[in-house]
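J.: Could you have a look at this structure, given as structure tokens, before my questions?
Read-outs throughout are calculated quantities, based only on the coordinates presented, and are distinct from any laboratory measurement. Being a predicted model, the structure only gives us computed values, none of them experimental. Please note: Cβ atoms are built from the backbone with ideal geometry, for glycine as well, and neighbour counts cover all protein chains shown.
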Amino acid sequence: MNFIISTVRHNQHLLNDTAKKWSDILQRPYIVRENLTLDDMLKHCQAEAVLLVTSKGPKVYNKDGYFFYHPSMAKLRVDALRNGGTDHLVEAMALKAGMRVLDCTLGLASDAAVVSYVVGKSGKVLGLESSELLHFAVQYGLRNYNKADTYFTDALRRITTVLTDAETFLQTTQEEFDVIYFDPMFQIPVSKSSNMKPLRSLACEKSITRDLLDRALQLAPRVVIKERYRQYLCNLGCTEFYGGKYSAIKYGVRLR
Ligand SMILES: C[S@@+](CC[C@H](N)C(=O)[O-])C[C@H]1O[C@@H](n2cnc3c(N)ncnc32)[C@H](O)[C@@H]1O
């Protein structure tokens, strides 16, 4: 994706150095904001998105609005588990402390945060994301988000991320995991949330193939896929299914 780097208008002089640093890291042009509107910047630079430096971290602007890191429902899900509740993903993964989990579709890392909390310090969560902008914003959020309790922020800090597509990673790694997880973009979005629309236009929308799952099963005895339709999960070879009776989503499991 063709993107540029700039700052919000307020207090630009305090944000310029960070913008230059991100421009070096990401090898994308830094355009001084001055009084330009974001739409004008996109037009003049023929870019699809602007990565903005703000005092609270990265914020991405594109034709669909703003995207920034937030933990979504993860904190509520972790708190439910702490209060003795259950979580369908945790059940589908048969998750326990100490397990090694590969999340092939990191997104906002909301699922990864729940998984990281359960596997704890003795476990491992590695998240893959193929969108450079999403990866940058979410990696920053995982390292810096600080509004919640320490048990939650510690779980975020323990997640390791890699900017790569799952296909390349799975073909080249020799590393073994206890569970590999896929949550591809749904063809028809469930959420109408305003932060999901820009995420969608930044995200990779590839579907999961049986070949990819076959490769995943060479590296882990259990593969979990999140989808809307049970038939789709059956076609991918899933034999176990989890999720609430009235829930819009299902988790399918393939075992080695
Ligand atoms: C539906 S979101 C995942 C949401 C995530 N489970 C969460 O809890 O926030 C799918 C994400 O996976 C990424 N993605 C899709 N296909 C991918 C692939 N083949 N390799 C790496 N990332 C992929 C997309 O860019 C998007 O950010």
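J.: Once the range 142-182 is represented by equal point scatterers at the alpha-carbon sites, with solvent omitted, what log10 I(q)/I(0) does the Debye formula produce at q = 0.23, 0.24, 0.25, 0.33 Å⁻¹?
T.: Each listed q corresponds, in turn, to -0.85, -0.88, -0.90, -1.16.
J.: Rounded to the nearest 20 Debye, what is the dipole magnitude of the range 3-63 about its Cα centre when Lys and Arg each give +1 and Asp and Glu each give -1 at the C-beta?
T.: Computed about the Cα centre, the dipole is about 140 debye.
J.: Here's another thing I want to ask about it. What aspartates and glutamates could a cross-link reach from Lys20, if we take a straight Cα to Cα line under 20 Å and drop same-chain neighbours fewer than 8 places away?
T.: Reachable aspartates and glutamates: Glu34, Glu48, Glu132.
J.: Would you please report the Å³ per residue occupied by the convex hull of the alpha carbon atoms in the range 103-226?
T.: Expressed per residue, the convex hull around the Cα atoms of the range 103-226 is 108 Å³.
J.: Could you point to the residue in Leu89, Gln171, Ala220 farthest towards the positive end of the chain's charge dipole, with +1 and -1 charges on the Cβ of Lys/Arg and Asp/Glu respectively?
T.: Value: Leu89.
J.: Next up: For the cross-link pairs Lys56/Lys121; Lys59/Lys147; Lys75/Lys124; Lys43/Lys197, which exceed 22 Å when the distance is taken from alpha carbon to alpha carbon?
T.: Over 22 Å Cα-Cα: Lys56/Lys121.
J.: Could you give the length gained by full extension between Lys20 and Ser247, i.e. 0.36 nm per residue of separation minus their alpha carbon distance, to one decimal place?
T.: Values: separation 227, 0.36 × 227 = 81.72 nm, distance 4.50 nm.
Roughly 77.2 nm would be gained on extension.
J.: Over 15 Å, how big is the tail of the calculated P(r) for the range 73-161, in percent of all Cα pairs?
T.: Percent of Cα pairs beyond 15 Å in the range 73-161: 54.
J.: Also, I was wondering about something else. Quote the FRET efficiency, to the nearest 0.05, computed for Ala97 versus Asp64 with a Förster distance R0 of 30 Å and r equal to the Cβ-Cβ distance.
T.: 0.15
J.: Nearest 0.05, what FRET efficiency do Met73 and Cys234 give at R0 = 30 Å with Cβ-Cβ as r?
T.: 0.65
J.: Per the Kirkwood definition applied to all pairs of different Cα atoms, how many angstroms is the hydrodynamic radius of the range 1-120?
T.: This gives a value of 16.8 Å.
J.: Taking 22 Å as R0, compute the FRET efficiency from the Cβ-Cβ separation of Gln46 and Val8 and round it to 0.05.
T.: The formula returns an efficiency of 0.50 here.
J.: Compute the length gained on full extension between Val32 and Asn146: take 0.36 nm times their separation in residues and subtract their Cα-Cα distance, giving the result in nm to one decimal.
T.: 38.2 nm is the gain from fully extending Val32 to Asn146.
J.: May I ask for log10 I(q)/I(0) of the chain at q = 0.08, 0.12 Å⁻¹, from a Debye sum over the Cα atoms as equal point scatterers with solvent left out?
T.: -0.33, -0.73
J.: Quick one: dipole size for the chain, taken about the Cα centre, charges +1 on Lys/Arg Cβ and -1 on Asp/Glu Cβ, in debye to the nearest 20.
T.: So the magnitude is around 520 debye.
J.: Return the calculated 222 nm mean residue ellipticity for the chain, to the nearest 500 deg cm²/dmol, obtained by summing -39500 (n - 2.57) across DSSP H runs with n ≥ 4 and dividing by the residue count.
T.: The helix-only estimate for the chain comes to -11000 deg cm²/dmol at 222 nm.
J.: Continuing with this model, one more query. Cross-link partners among aspartates and glutamates for Lys245, C-alpha distance below 19 Å, same-chain residues fewer than 8 apart left out?
T.: Qualifying aspartates and glutamates at Cα under 19 Å: Asp87, Glu91, Glu227.
J.: Name the most mobile residue of Tyr246, Tyr140, Tyr151, meaning the one with the largest mean-square fluctuation, in a Gaussian network model of the chain with Cα contacts below 10 Å.
T.: Tyr246
J.: Looking only at Leu95, Leu36, Leu76, which one moves most when the chain is put into a Gaussian network model with springs between Cα atoms under 10 Å?
T.: So, out of Leu95, Leu36, Leu76, the one fluctuating most is Leu36.
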